[in-house]
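The values are calculated or read from the model by the stated rules, or taken from the named source; none is laboratory data. Note that the coordinates shown come from a computational prediction; the quantities given were computed from them, not determined experimentally. Cβ sites come from the backbone with ideal geometry, for glycine too, and all protein chains shown count toward neighbours. The area values use the complete protein model at the heavy-atom level, side chains included, leaving out ligands, DNA and RNA. Shrake-Rupley method; radii C 1.70, N 1.55, O 1.52, S 1.80 Å.
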Amino acid sequence: MSGVRKPKPSVALGALLIVLAFACVAVMSAFGKGASGVPTGTLVFFQNFISLVLFLPWALRGGLAELKTSRVGLHVLRAVAGLLSQVLMFVAVKRMPLVNAVLLSNSAPLFIPLVTWAWLKQRVGGMVWASLGIGFAGVALILHPGVELLTNPVALVAIAAALFSAFALVSVNQLSKTEPARRILFYYFLFSSAAAAPFAIWKWKAPTPQEWLFLGGIGLMMSMSQMLIILAYQRATATQIAPFNYSVVIFSGLIGWMVWSNTPGVLALAGVLLVTAGGVLSTRFSGPESLGHLGWLGYRSHALAQERAA
């Protein structure tokens, strides 16, 4: 029996922590939009390298032996999928309204059932299919399918970010069965930093003082969001606090309105509501192994495994 004291369950505290986590995600995305003159490779390098440095003391708390893994291949797959998701997200936020870019990039819950069906051969129930239909109807309203989408397909870039995020989350779900959260995060930040470094060097352009602040803020917000997600899912389940994950849309909308004067139209607002409803419902009806909407962590599965082993 473990001597580690478990945090007391609290849905209210879990909801507050997850709202704060996704506020950090919204601010991080806004910093990426503000740093539009910085090459995307540089953005993702500093995002992951700063997070690696900040998380290193926690990762090494149990010694190097705690970082040994027999699942390097799956860690690499998770890192590649997560890194591509971040690259595409930053490309999208630079070129479209913040709230639309963030919502579409974070619509991974709509793709997770499809990825698990195709990859893990898991059955998708009727209610989940209905939830996905609602969510993708919202995506269609935001995308405004037509000639303009063909000439400026940046919204499809945001959708691609969500698809890669779904692959990353499913990979984390598999890793979480044997790997603790700090090991998953350590290898993600390590491999992502290493993969992004050559592109940051290749496209290097000395940032301005303001851009350095944006880069530091991106790394700090990424780290804070991940830690807050860990704390939140120690206190509540994905089903209990899934609706609060979409607070990122509210924060992004407010930031976009205040900073860039972005005002979404009626169709876009309807699309936001449908995507949010679809994501929440797909989490609710995907069963106990549902990943929720954990950004790039997927900590909940490991927490459940710890509870079962206790």
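Tabulated data
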read-out	value
Pairs of Cα atoms farther than 37 Å apart, the chain, %	11 percent
Neighbourhood net charge (9 Å Cβ-Cβ; Lys/Arg +1, Asp/Glu -1) for Ala35	+1
Global geometry of segment 115-209, whether rounded, prolate or oblate, following the gyration tensor of its Cα atoms and the 1.5 cut on a/c	oblate
Percent carbon-and-sulfur accessible area, segment 1-110, ignoring ligands, DNA and RNA, probe 1.4 Å	70 percent
Candidate residues Ser165, Ser36: accessible-area rank, largest first, probe 1.4 Å	Ser36, Ser165
Helix runs (DSSP H) in the chain reaching 30 Å along axis by Cα, Kyte-Doolittle at least 1.6	11-34, 154-175
Per residue accessible area of segment 57-153, 1.4 Å probe, in Å²	48 Å²
Computed label-point distance, nm, for sites Leu114 and Thr178 using a 7 Å Cα→Cβ extension	3.0 nm
For segment 34-177, size of Cβ-based charge dipole, Lys and Arg +1, Asp and Glu -1, in debye	420 debye
Relative contact order (%) - the chain, alpha-carbon pairs under 8 angstrom, separation at least six	40 percent
Leading residue at positive end of dipole, the chain (Cβ point charges), from Ala12, Leu132, Trp257	Ala12
Among Ala130, Ala168, Ala108, residue whose mean-square fluctuation peaks in a GNM of the chain (springs only between Cα atoms under 10 Å)	Ala130
Accessible surface, 1.4 Å probe, highest first, among residues Thr237, Thr263, Thr69	Thr263, Thr237, Thr69
Met258 accessible area, 1.4 Å probe, all protein chains in place, Å² to nearest 10	130 Å²
Options Ile159, Pro209, Leu114, ranked by Cα towards positive dipole end of the chain, top entry (Cβ charges)	Leu114
Within the chain: Cβ-based charge dipole about Cα centre, in debye rounded to nearest 20 (Lys, Arg +1; Asp, Glu -1)	700 debye
Residue-averaged 222 nm ellipticity for the chain, from DSSP H runs of 4+ at -39500 (n - 2.57), nearest 500	-24500 deg cm²/dmol
Potential extension, Ile250-Arg123 segment - 0.36 nm per residue separation minus Cα distance	42.4 nm
